[in-house]
Amino acid sequence: MDKIQYSDLQRKLVYIPYRILSANTATSYGVVFTANENGRVVYISESHKTAGSSGGAVTMDLEKLTGTTASGSGRGLLRTKFNLKNTANTVVQKENNSDFVATSISNTIDITFKKGERLGMTTIGTLTAVDDVVGLLIVMYD
């Protein structure tokens, strides 16, 4: 079996589906992608079977993890996090530059990643009742 060559992936979209079954437990969230070359996030979606029922905000963010940064301690990439209390079975999409956070240094959208960096999901709030979170992450290698 031949190895995948970077030149085969360059400037192509890579589709990464994700599913979090025990979505009412924070430890169920974490790394969904490890980059084997430099690239950028171009799209992410989220839907959940059962909405959260906690009184406070219940959200999910896409985070970039560099070096040995632990899951949950990375840099959030979404300007507006996914609301896990939204209507169940509704797909929410993030695909425009305005959906992603700008860096504090250059005020440019930073959705890039380098070889070896990871992308993961992290949550804020009490995840009571949240169940079966699914979505699609699309990246493009430079």
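Here Thr68 meets each of (1) within 21 Å of Val92 (Cβ to Cβ); (2) loosely packed, with under 12 Cβ neighbours inside 10 Å; (3) β-branched (Val, Ile, Thr) with one exception, condition (1). Answer yes or no: is there a residue in segment 17-38 that is under 16 Å from the mean Cα position of the chain (by Cα), exposed (fewer than 13 other Cβ atoms within 10 Å of the Cβ) and closer than 19 Å to Val139 by Cα. For segment 17-38, residues under 16 Å from the mean Cα position of the chain (by Cα), exposed (fewer than 13 other Cβ atoms within 10 Å of the Cβ) and closer than 19 Å to Val139 by Cα: present.
The requirement of being outside any strand (DSSP E or B), at pLDDT 90 or above and over 23 Å from Ser98 (Cβ atoms) is not satisfied by Ser7. Taking first residues from segment 20-31 that are aliphatic (A, V, I, L, M) and partners that are in a loop (DSSP other than H, G, I, E, B), the Cβ contacts under 7 Å between residues at least 6 apart in sequence or on separate chains come to Ile20/Tyr29; Ala23/Leu127; Ala23/Val130; Ala26/Leu127; Val31/Ser71.
Can Ser47 be described as at pLDDT 95 or above, hydroxyl-bearing (Ser, Thr, Tyr) and under 22 Å from Val91 (Cα atoms)? Judged against the criteria, Ser47 is a match. Does Lys3 fit the bill of being within 11 Å of the chain's Cα centre (by Cα) and either loosely packed, with under 13 Cβ neighbours inside 10 Å or free of Cβ contacts under 8 Å to residues at least 60 places away in the same chain (or both)? No: the conditions fail for Lys3.
The values are calculated or read from the model by the stated rules, or taken from the named source; none is laboratory data. Since we're looking at a predicted model, the values are computed, not measured. Methodologically, a virtual Cβ is constructed for each residue, glycine included, from the backbone with ideal geometry; neighbour enumeration extends over all protein chains shown.
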